[in-house]
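The values are calculated or read from the model by the stated rules, or taken from the named source; none is laboratory data. Bear in mind the structure is a predicted one, so any value in this text is a computation, not a measurement. Using ideal geometry, Cβ is built from the backbone for each residue, glycine included, and neighbour counts are taken over all protein chains shown. These area figures cover heavy atoms from the full protein model, side chains too; ligands, DNA and RNA do not enter into them. Shrake-Rupley method; radii C 1.70, N 1.55, O 1.52, S 1.80 Å.
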Amino acid sequence: MAVVAAYAPGEQGDAALRAAVREAHQRQSDLVIISHAYHHPDHGLTHAERAEATRALHRIAAGFSPEIRRYLESLELVIDESSDINVGDRLNEIAERRGAELLIVGLRRKSLTGKLNLGQAVRKLILGAPCPVLVVKPDEVSGA
């Protein structure tokens, strides 16, 4: 079984990684990170490469307890790079293939009315996920 985290550089991606590290440790599960497509203001559609996602994970892991860091080091880290524009479909497909027990995504802060509209990718993800989905906001997730 695995915990699958959606990652794109930024606060919401960091929040998803923090939650995923905590959940993988608590569940004693594998950790799969999906570096998904996102729109960069200068470069257009892109995704974080494996090295960038790995650096982000190590930076975030530094804020956790030694026990959690040791657990993380014991895992064979799986990072799947995806430039697929259909993020929700891609995440659901990978979660299904990896036998995910939990799928974690970070959500950008939204206005009061914006909270009613989660966005097409998150809606597809939640409605089509083969497992429970945990949606986290950057300011509500902290290191363990």
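A compact table of results
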item: Residue among Ala62, Leu77, Leu91 farthest towards the positive dipole end of segment 52-94, charges placed on Cβ; result: Ala62
item: Helix-only CD estimate at 222 nm, as mean residue ellipticity for the chain, using -39500 (n - 2.57) per DSSP H run (n ≥ 4); result: -12500 deg cm²/dmol
item: Estimated distance in nm for a label pair at Thr54 and Val78, the labels positioned 7 Å out from Cα along Cα-to-Cβ; result: 1.8
item: Identified option (computed volume of the Cα convex hull per residue in Å³; candidates (i) 104; (ii) 128; (iii) 137); result: (i)
item: Probe 1.4 Å, protein heavy atoms only - accessible area per residue of segment 1-97 in square angstrom; result: 51
item: Loop-exposed GluC sites (Glu not before Pro) per DSSP, neighbour cap 14 Cβ within 10 angstrom, longest uninterrupted part of the chain; result: 77-144
item: In order through segment 61-78: 3J(HN,Hα) via Karplus (6.51 cos²θ - 1.76 cosθ + 1.60), integer Hz, x for Gly, Pro; result: 4, 4, x, 9, 5, x, 4, 5, 5, 4, 4, 4, 5, 7, 7, 8, 6, 10
item: Spacing of the two label points (7 Å from each Cα toward its C-beta) at Arg97 and Arg69, in nm; result: 3.3
item: Listed residue (Ala51, Val136, Ala5) projecting farthest to the positive dipole end of the chain, Cβ model; result: Val136
item: Largest-first ordering by accessible area, 1.4 Å probe, given options Asp89, Asp42; result: Asp42, Asp89
item: Lys, Arg +1 and Asp, Glu -1 on Cβ, resulting dipole of the chain about Cα centre, debye, nearest 20; result: 440
item: ³J(HN,Hα) computed for each position of segment 93-108 - Karplus, 6.51 cos²θ - 1.76 cosθ + 1.60, integer Hz, glycine/proline x; result: 5, 5, 4, 5, 5, 8, x, 5, 9, 7, 10, 10, 10, x, 10, 4
item: Trypsin sites (Lys or Arg not before Pro), loop per DSSP, at most 16 other Cβ atoms within 10 Å - longest free stretch of the chain; result: 1-107
